[in-house]
Each structure stands twice: as C-alpha cells, then as structure tokens.
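S.K.: Can you keep this structure in mind? I'll have questions shortly.
The values are calculated or read from the model by the stated rules, or taken from the named source; none is laboratory data. Predicted model only: the values in this text are computed from it and were never measured. We place every Cβ from the backbone using ideal geometry, glycine too, and count neighbours over all the protein chains shown.
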Amino acid sequence: MLKTVGAALVWVSCSLMGWRIASGYRQRPRQLQTLMQALRLLRTEVDYGATPLPQALRQVAQRAPAPADRLWAKAAELLNEADMEVADALHRACSEFAPAWSLTAADWEVVCEFGQTLGTSDLVHQMQQFDVALARLANQEAEAREASRTQARLWQYAGVLGGLLLVILFY
Amino acid sequence: MSKRDRHEGLPPCPWPQVLRVCPPDVQRRLQQLPVAVLERVEELRFRTGQPLQLCSGTWDRFLHRDGGLTERFEDALLVTEEHVRRVVQVATQASLYAVEDELRRGFVTMPGGHRVGVAGRAVLSESGGIRSLRNISSVNVRIARERMGAAAPVLPYTCDRETGQPFSLLLISPPQCGKTTILRDLARAWSEGECSGQGRKVAVVDERSEIAGCVDGVPQFRLGPRTDVLDACPKAQGMLMAIRSLSPDVVITDEIGRAEDRDAVLEATHAGVSVVATAHARTLEEWRARPYMEELFRARAFDRYVVLSRRRGPGTVESVADAEGRPLPSASPRWRPEGSC
C-alpha cells in the first residue's frame, strides 16, 4: 500500500514538473504580448501627450494588462519616490518581477536596454527607440510562440512519461 | 538664536520643491541654512567646476563646503558634472522629450513654477535654428514665490475708476523686478474682485507654467475662483483660444515680444477683452524700440504702462503712463516679502 502511494507521488510530482515547465513556455508569448501592449500605451503617452515619465508610467500601469501593469507601477514608484534614474528604476523593477515571470534573460535585456534610452532624447529619437524595442519584442514573441508550440507539449509528455518510467524502474 | 534665524524642521515654502531638484549633499547644506537666508535667495546657480552660488538681485554668496555660506570661492562647495546632471534630470522629470521645446528656449519650468535655466552646447538644425542643447554645464534655479498683495501698488491702475471697466495693462521691467509675481497676484486680484470690487473672469495663458505653476494641470498658486489656466500653451494661440472659448474679461500672459504676440494682443483688445501682460525693458521708450512693440503702442493696445524696478526692492513702481505714454502720478509703497506663501 505504501509502495503504491509512493509510486503515485513520484508520478504526480514528475507530471507536475513537466506541466510547470510547459506552462512557462505557454506563458512567455502571452507575457511578451502584455509587455508590448504596455510599451504601445507608453508610446502613445509620450508621443501624443508628451507626458513626463513618472506620470506616463503611472497611467500605463493603470491601463496595461496584468502582469505588465505591476512592472510599470513599480518602475513609476521607484522613479518618483526613490529618485532613481529611469534606467535603474526599470532595471530594478525587472529584477524584482523576473522570478515570477516566464521571460528569458534575452527578453528582459530588451526591456532594460530600452530603459537606458527612455527620457534621454527628443521626441523623434524617442519614437525610434520605441519602434526598435517593439520590433525586438515582436521577434522574441515569434520565437517564444514557436518554442511554445514545439516545447510545451514535449515537456508535458516528458513529465508524465518520465514519472511513469521512474515508477516502473523502482516498483 | 531665534527660530527665524535658525531653521528648525521643514524649510519655508517654496523650498521643499526647490530642494527636491538639488543633489543630496547640496540639499543637506541648504537645509542647515537659517530661514532668513533662505527667504532672501532668489537663484541657485550650478556651474560645473565652479562654486555653488546663491543670489538675489543685490546679494550673493557661495555655499561653503563644510556648511553655511562664504564669500571666498576657495572655501566653497564646487559643483560637479554629477550635480548638474542630477538637477537637469529631476527638473525635466527624466523626460527630455517632454521639454524639448522649452530646452530649445533655454529653460525648463519645474513643479511650483520655478524656472530652471540651462546653458550648454547648442545643437543646430539644418535651417540654423537651435535643435537642442547638449553638454549642459550651467543651471540656474530661479525660485518662484507667491506674494499675496504683491499687486497692491499696481491695483489703482487696473481699471477705470468710474465704470469699473478693466484696463489693458503692460508691466515693463528688466528681469528680477517682480513682474511675474505681480502678474500672478493681479490674476488673483481680478478673479477675487479686488480690482474693481467685482470678480471678473480671468484667463491665464501660461506658456512657461510660471504664473500658475501648474503640476499635472492643477495650479499651485492661488489665482482666485474665476480663473481658467491654459497651461504650457503658446501665448498667441492661447490668447485667441481663450477669447473664443472661455469668454474672459481679462486675459493675463507673460513676456510678450514676438510678432504673433502683437497680433494676439491686438485681436484681444479689439474683441473687447482686456490684456494684462509683461515685457522686458527698462523704460517705456526702450520697450517701444523693440521689434513689433511700437505697433502695439501706436494702436493704443494698452491703456496703462507700469514701469517697475527693484530700486526699493522688487516691485518698485517707477512710473505709470497712459495709452499715449503720458506719465500719471504714482505712489509706490514697496510690498512686503514677509508673511507670504
């Protein structure tokens, strides 16, 4: 009886691990999309309203879809209250939220590199930086979507089957 | 040492906003200064590699590196590139794209209406105009103060004593004579009915956000209950917008001098709206000699010209003239800086 329960636990754990890794692959394109949507909102604030960054970031935080809203809210808070530079505020906000998100280091790098250009140039050049960041994020998103298509199911099956293999080997 | 001599607790208004743009080490030293000194300071001058200068029109000192003030620049705190960069970053709210037009004109207005003037290397456009400023090496933080009653010496010239009809009024003076402070108080006085006994609708066209000191569109200074503010709006366009959409009795704006300003003032005065404005010059004749301004004078656009100086302190009324430039008798009690804010 105990052996059966143990085998079931091993199988369920392996399946959950596989499911979790697969879930990361599925979440990444969605999270990249919310990031892009938030960047487009910020672009509108900067382009149309020439809104100063602390206020623009707060407005993006209110309107952006989850989970990107919290990232921009944190950056706005750091910029406003801790008197940090924009690049540092965005970098720290990214570092704080990175463990909870499914993005890769390359994805975060795009956001942080964009943060280094934010607020440092005139409107024309700022728009160019937005376009570059959005294009890079779109590439990352296409790659994430492809990875999700091929890897998510693979990891899900690998978890279930790996668990079964362990059970067979040890049973 | 009295409480007034030695600062205890928070520095007086408007220092919290000014201190916020200062680098932490400068903040600390400024906070240690006596209130009487802080009340006197009109400008903070940051120049890379030079001592940090605190000054008003007739007085200046350097900030001592160990705290307090000094007249010897050898003992003064030297301004670094990091100091200047920090002031510019906070003053522009880290958003150069939002202030590029202002930077092109050499200054940025920060929350509270304080003007941050900058000097650096100009980047020119193909047409030869200034595209932007880079390598900013000097920053001048001009502290805006709200002085209730600052307009008192000017009030007798603001309207027709018999009909109560608002006069179009031009305040003329060199920089740092209190024009904007008086203009701000005039907006409040018109709006609250201090000028003619009856409150009037006032439209403030605040191109550089100095008169109302708007933060997120909300005026930081008391401008009265009948005042609308067109914040950061170009003067000429703003005056026409105000006339068309806000039906003001008085339009108030700062520093006229361009051809489009002249056209807008004429348009307003011909539309039956009184204009209260300021201009840089030492005398009425000097103002008339400026481009486009003689046409305004000839068209009798203004009913009264008030020339200000700081001979007996900021806001000293030197002379008052009517629409044809004839002098009128004037009395100029100096307004008290105490008890403001």
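S.K.: Keeping to region A:5-53, report how many residues are within 14 Å of chain B (Cβ to nearest Cβ) and part of a helix (DSSP H, G or I).
M.R.: Here is the first cut: in region A:5-53, the ones within 14 Å of chain B (Cβ to nearest Cβ) are A:42-53.
Next, from what is left, pick out any that are part of a helix (DSSP H, G or I): A:42-49, A:53.
Going through region A:5-53 one residue at a time, the tally reaches 9.
S.K.: Need the failing condition index for A:Ala106 against (1) surrounded by 16 or more Cβ atoms within 10 Å (Cβ to Cβ); (2) within 14 Å of the chain's Cα centre (by Cα); (3) modelled with pLDDT of 90 or more, just the number.
M.R.: Against the list (1) surrounded by 16 or more Cβ atoms within 10 Å (Cβ to Cβ); (2) within 14 Å of the chain's Cα centre (by Cα); (3) modelled with pLDDT of 90 or more, A:Ala106 comes up short only on (1).
S.K.: Pull up region B:91-111, narrow it to residues that are more than 7 Å from chain A (Cβ to nearest Cβ) and assigned to a helix (DSSP H, G or I), then point me to the one that is nearest to B:Arg145 (Cα to Cα). Break it down stepwise before answering.
M.R.: First, pick out the residues of region B:91-111 that are more than 7 Å from chain A (Cβ to nearest Cβ): B:91-92, B:99, B:101-111.
Checking the rest, the ones that are also assigned to a helix (DSSP H, G or I) come to B:91, B:101-104.
Values: B:Ala91: 17, B:Asp101: 24, B:Glu102: 21, B:Leu103: 22, B:Arg104: 25 Å.
Result: B:Ala91.
S.K.: Hey, another quick one. Would you check if there is a residue in region B:118-125 being part of a loop (DSSP other than H, G, I, E, B), over 23 Å from B:Glu210 (Cβ atoms) and not assigned by TED's automatic domain parsing to the domain that holds B:Asp254? Working first, answer last.
M.R.: So in region B:118-125, the residues part of a loop (DSSP other than H, G, I, E, B) come out as B:125.
Next, only the ones that are over 23 Å from B:Glu210 (Cβ atoms) stay: B:125.
Next cut, not assigned by TED's automatic domain parsing to the domain that holds B:Asp254 only: B:125.
Taking every residue of region B:118-125 in turn, at least one turns out to be part of a loop (DSSP other than H, G, I, E, B), over 23 Å from B:Glu210 (Cβ atoms) and not assigned by TED's automatic domain parsing to the domain that holds B:Asp254.
S.K.: Can you spot a residue in region B:156-171 that is under 21 Å from B:Pro234 (Cα atoms), polar (S, T, N, Q) and more than 14 Å from chain A (Cβ to nearest Cβ)? Give the steps one after another, and end with the answer.
M.R.: Narrowing region B:156-171 to residues under 21 Å from B:Pro234 (Cα atoms): B:168-171.
With the extra rule that they be polar (S, T, N, Q), the set shrinks to B:168.
Filter once more, keeping what is more than 14 Å from chain A (Cβ to nearest Cβ): B:168.
Taking every residue of region B:156-171 in turn, at least one turns out to be under 21 Å from B:Pro234 (Cα atoms), polar (S, T, N, Q) and more than 14 Å from chain A (Cβ to nearest Cβ).
S.K.: Is region B:262-282 home to any residue that is surrounded by fewer than 17 Cβ atoms within 10 Å (Cβ to Cβ), under 17 Å from B:Arg200 (Cα atoms) and of a type in the set (S, T, N, Q)?
M.R.: No: region B:262-282 contains no residue that is surrounded by fewer than 17 Cβ atoms within 10 Å (Cβ to Cβ), under 17 Å from B:Arg200 (Cα atoms) and of a type in the set (S, T, N, Q).
S.K.: Quick one: would you say B:Ala321 is hydrophobic (A, V, I, L, M, F, W, C), free of Cβ contacts under 8 Å to residues at least 40 places away in the same chain and in a helix (DSSP H, G or I)? Even if it seems obvious, please write down each step before you answer.
M.R.: Details: hydrophobic (A, V, I, L, M, F, W, C): yes; free of Cβ contacts under 8 Å to residues at least 40 places away in the same chain: yes; in a helix (DSSP H, G or I): no.
No, not satisfied.
S.K.: Going residue by residue through region B:181-194, is there one that turns out to be assigned to a loop (DSSP other than H, G, I, E, B), crowded, with 23+ Cβ neighbours inside 10 Å and in contact (Cβ under 8 Å) with a residue 12 or more places away in the chain? Spell out the reasoning first.
M.R.: To start, the set of residues in region B:181-194 that are assigned to a loop (DSSP other than H, G, I, E, B) comprises B:193-194.
Right, trim to crowded, with 23+ Cβ neighbours inside 10 Å and you get none.
Taking every residue of region B:181-194 in turn, none turns out to be assigned to a loop (DSSP other than H, G, I, E, B), crowded, with 23+ Cβ neighbours inside 10 Å and in contact (Cβ under 8 Å) with a residue 12 or more places away in the chain.
S.K.: While we're on this one: Run down A:Ala68, A:Ala56 and say which single residue is within 14 Å of chain B (Cβ to nearest Cβ) and surrounded by 19 or more Cβ atoms within 10 Å (Cβ to Cβ). Can you show your working first?
M.R.: Details: A:Ala68 fails: within 14 Å of chain B (Cβ to nearest Cβ).
Answer to the selection: A:Ala56.
S.K.: For region A:109-118, give me each residue that is within 14 Å of chain B (Cβ to nearest Cβ) and surrounded by fewer than 16 Cβ atoms within 10 Å (Cβ to Cβ).
M.R.: Of everything in region A:109-118, just one residue is within 14 Å of chain B (Cβ to nearest Cβ) and surrounded by fewer than 16 Cβ atoms within 10 Å (Cβ to Cβ), namely A:Gln116.
S.K.: Report whether or not B:Val90 is assigned by TED's automatic domain parsing to the domain that holds B:Thr58, in contact (Cβ under 8 Å) with a residue 24 or more places away in the chain and surrounded by 22 or more Cβ atoms within 10 Å (Cβ to Cβ).
M.R.: On the way: assigned by TED's automatic domain parsing to the domain that holds B:Thr58: yes; in contact (Cβ under 8 Å) with a residue 24 or more places away in the chain: yes; surrounded by 22 or more Cβ atoms within 10 Å (Cβ to Cβ): no.
In short, no.
S.K.: Being of a type in the set (A, V, I, L, M) and loosely packed, with under 15 Cβ neighbours inside 10 Å is the filter; apply it to region B:283-330 and report the residue that is nearest to B:Thr253 (Cα to Cα).
M.R.: Going through region B:283-330, the residues of a type in the set (A, V, I, L, M) turn out to be B:284, B:289, B:293, B:296, B:299, B:301, B:306-308, B:317, B:320-321, B:323, B:328.
Add one more test, that the residue is loosely packed, with under 15 Cβ neighbours inside 10 Å, and what stays is B:289, B:299, B:328.
Values: B:Ala289: 21, B:Ala299: 19, B:Leu328: 24 Å.
So the residue we want is B:Ala299.
S.K.: Can you find a residue that is of a type in the set (Phe, Trp, Tyr) and more than 19 Å from the chain's Cα centre (by Cα) anywhere in region B:184-204?
M.R.: Quick first cut of region B:184-204, residues of a type in the set (Phe, Trp, Tyr) only: B:190.
From what is left, the residues that are more than 19 Å from the chain's Cα centre (by Cα) are none.
So far as region B:184-204 goes, no, none of its residues is of a type in the set (Phe, Trp, Tyr) and more than 19 Å from the chain's Cα centre (by Cα).
S.K.: Sort through B:Asp160, B:Asp185, B:Asp231 and tell me the only one that's over 25 Å from B:Glu295 (Cα atoms), acidic (Asp, Glu), modelled with pLDDT under 90 and in the same structural domain as B:Arg311 (by TED's automatic domain parsing).
M.R.: B:Asp231
Yes/no per residue for (1) at pLDDT 85 or above; (2) in contact with a His (Cβ under 7 Å, 6 or more places away or on another chain):
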position: B:Ala76; (1), (2): yes, yes
position: B:Arg86; (1), (2): yes, no
position: B:Glu100; (1), (2): no, no
position: B:Val123; (1), (2): no, no
